[in-house]
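Each remark here refers to the structure printed beneath this line.
The values are calculated or read from the model by the stated rules, or taken from the named source; none is laboratory data. Since the structure is predicted, the reported quantities are computational estimates derived from the model, not experimental observations. No Cβ is skipped: glycine too gets one built from the backbone with ideal geometry, and neighbour counts run over all protein chains shown. Please note that ligands, DNA and RNA were not included when accessible areas were found on the heavy atoms of the full protein model with its side chains. Shrake-Rupley method; radii C 1.70, N 1.55, O 1.52, S 1.80 Å.
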Amino acid sequence: MAAETAKVDPMKQFMIEPMFGTQELALGGFNIAFTNSALWMVIAGVALFVFMIGGMKRELVPGRWQMAVETFTGFIDDMLEANVGKEGRKYVPYIFSLFMFILFANLLGLLPVGLVGVHPFTFTSHFTVTGIFAIMSFGIVLLVGFWKHGLKFFSLFVPHGTPLPMIPIIFPIELISFLVRPFSLALRLFVAMMAGHVLLKVLSSFVIDSWGAGAGFGVLVGIPSFILMIGISALEILVAGIQAYVFALLSSLYINDAEHLH
């Protein structure tokens, strides 16, 4: 019985559950329960707000906090200037907020607060959440593209120099490739975050089950698994930053297409 209760379900960490007794809360026939996913979104939003407020002191000699905010802001500004040009400056608030929110979400999900009974929830491991982020970026691309270029925006799907007989073939291929962008953008972040967390849970089950089976199994399986967990946790911190950067980078590249049609 003890061995049965010690098993770890690697997928349980992704379950969305209502909190604070809101499971019966509904509006217009739709359940609007406040979930663990929503809670960690709020936490990530508050953390980002506090981070920004703490770095807006405008001191003559900036402290570490202010320097951190200015560094991240400058990083996003440089990325947009490199990928979009001078027109990219107006997108700094959006791309910065997107990058930082995803970064905070990814990092908060790695906090070892489970040691004190709090279960962190990585909401970027849900395709519905990353899909909303991708739709937001895709919506900006469409809005800017049609607002700035009108129907000429469709020329984006006909590469410059395409022979006239090839246009009926190239156009639908480019259009489908364009429409797949939000899906691939959302899927990349979702898969990366989910895979790492599943692997950590699987390794944790090795540690628990091996020590439950005896000291010999604990030494042979449990200790190596625990060491591997530490290494993968460090790698996950790196992945958290890389995935936030990739999402922001691809969003800026897609915005560049809307701005310059190439």
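Data table
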item	result
The range 159-171, subset in contact (Cβ under 8 Å) with a residue 12 or more places away in the chain and either in contact with a helix residue (DSSP H, G or I) (Cβ under 6 Å, 6 or more places away or on another chain) or loosely packed, with under 11 Cβ neighbours inside 10 Å (or both), residue nearest to Gly131 (Cα to Cα)	Phe171
In the range 179-208, the residues that are open to solvent by 60 Å² or more (accessible area, probe 1.4 Å) and at pLDDT below 85	Lys201, Phe206, Ile208
Conditions (1) without any contact (Cβ under 8 Å) to a residue 24 or more places away in the chain; (2) closer than 30 Å to Asp257 by Cβ; number of the one not met by Pro182	(1)
Test: residue in the range 209-223 that is polar (S, T, N, Q) and surrounded by fewer than 16 Cβ atoms within 10 Å (Cβ to Cβ)	no
Selected residue [of a type in the set (Ser, Thr, Tyr), out of contact with any strand residue (DSSP E or B) (no Cβ under 6 Å at 6 or more places or on another chain) and open to solvent by 20 Å² or more (accessible area, probe 1.4 Å)] from Ser125, Ser97	Ser97
Test: residue in the range 245-257 that is in a helix (DSSP H, G or I), farther than 26 Å from His160 by Cα, in contact (Cβ under 8 Å) with a residue 12 or more places away in the chain and open to solvent by 30 Å² or more (accessible area, probe 1.4 Å)	yes
Subset of the range 46-61 [in a helix (DSSP H, G or I) and touching a helix residue (DSSP H, G or I) at 6+ places or on another chain (Cβ under 8 Å)]	Ala47, Leu48, Phe51, Met52, Gly54
Residues of the range 139-152 satisfying the condition of being touching a residue at least 12 places away in the same chain (Cβ under 8 Å), open to solvent by less than 40 Å² (accessible area, probe 1.4 Å) and under 14 Å from Leu98 (Cβ atoms)	Val141
Counted residues, the range 100-109 - those being open to solvent by 40 Å² or more (accessible area, probe 1.4 Å) and over 19 Å from Ile132 (Cα atoms)	1
Neighbours by Cβ (under 6 Å, 6+ apart or cross-chain): first from the range 49-70, at negative phi and open to solvent by less than 50 Å² (accessible area, probe 1.4 Å); second in a helix (DSSP H, G or I) and modelled with pLDDT of 75 or more	Gly54/Trp65; Gly55/Trp65; Gly55/Gln66; Gly55/Val69
Meets criteria (open to solvent by less than 40 Å² (accessible area, probe 1.4 Å) and at pLDDT 90 or above) for Val84	yes
Qualifying residue in the range 165-174 (condition: closer than 19 Å to Glu259 by Cβ, touching a Leu at 6+ places or on another chain (Cβ under 9 Å) and in a helix (DSSP H, G or I))	yes
